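Visitor: The structure that follows is given in the form of structure tokens.
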Amino acid sequence: AAARPVTAAAAVSADAAAASEAAAREFGADWEILPLPFRVGHGFDLHRLEPGYELVLGGVKLPHDVGCQAHSDGDVVLHCVVDAVLGALGLPDIGQLFPDSDPRWKGQTSDVFMREAVRRMDEAGYRVGNMDVTIILQRPKVSPVKAQIRENIAALCNVPVSLVNVKAKTHEKVDSLGENRSVACHTVIMLLRKEDYPPPQ
């Protein structure tokens, strides 16, 4: 069957998700964001792979014998995109906004974190110009779900799919990534100031 995107309702109720998002809004809200015409951010994330966890990449569940060990759902792709957006804006990173010491984020699906990052981007007057996402995973193959991952990220960022690129690489069986003991992701993003670069019609 085709992979389906994971929703917040799978982990927490809608009310709990809303409360979680509201709690994160206060931190870093007073940080100054200079109105540059464009901003560039880089995100990186890595999670250990262990039995008993689900493997979720970009909101898509992949069948596998191991999954991401994490406080939330461990979606390394969305975590990475969140940090790229926040980094471009010069804001606190995902670990500061949603610390793993806070029980509210236990098992939380990462679309909640994405919505908060996108809200901050929008309120600062920016939109996604384009982004390039590289997933590093020895197995399983990511190619069958790359299109769905692109669509999920684009939908969360409110942009056309053409502005989101997703690549997948193995690690040639080298170190923890190549031995299928971890999964990693890099994201480079360009944000454009909406006043200077209106969204394409």
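Visitor: What are the pairs with Cβ atoms under 6 angstrom where one residue, in region 87-112, is acidic (D, E) and the other, located anywhere, is modelled with pLDDT under 75 and open to solvent by less than 40 Å² (accessible area, probe 1.4 Å)? Sequence gap at least six, or different chains.
Guide: D111/A8
Visitor: Of L91, L78, which residue is open to solvent by less than 30 Å² (accessible area, probe 1.4 Å), part of a loop (DSSP other than H, G, I, E, B) and touching a Gly at 6+ places or on another chain (Cβ under 7 Å)?
Guide: L91
Visitor: Considering only region 126-149, how many residues are in contact with a strand residue (DSSP E or B) (Cβ under 6 Å, 6 or more places away or on another chain) and free of Cβ contacts under 8 Å to residues at least 24 places away in the same chain?
Guide: Residues meeting the conditions: 1.
Visitor: Here's something else I'd like to know. Counting only residues that are at pLDDT 90 or above and on the phi < 0 side of the Ramachandran plot, how many does region 69-110 have?
Guide: Total satisfying the criteria: 16.
Visitor: Go through region 24-47 residue by residue and tally those that are at pLDDT below 90 and outside any loop (DSSP other than H, G, I, E, B).
Guide: Residues flagged as at pLDDT below 90 and outside any loop (DSSP other than H, G, I, E, B) within region 24-47 amount to 1.
Visitor: All but one of (1) part of a helix (DSSP H, G or I); (2) out of contact with any Lys or Arg (no Cβ under 9 Å at 6 or more places or on another chain); (3) surrounded by fewer than 14 Cβ atoms within 10 Å (Cβ to Cβ) hold for E172, so report the exception by its number.
Guide: Failing condition for E172: (1).
The values are calculated or read from the model by the stated rules, or taken from the named source; none is laboratory data. Just so it is clear, the structure is predicted and the values come from calculations on it, not from any experiment. Counting neighbours? That spans all protein chains shown, and the Cβs are built from the backbone with ideal geometry, glycine included. Ligands, DNA and RNA are excluded from the accessible area calculation, which covers all protein heavy atoms including side chains. Shrake-Rupley method; radii C 1.70, N 1.55, O 1.52, S 1.80 Å.
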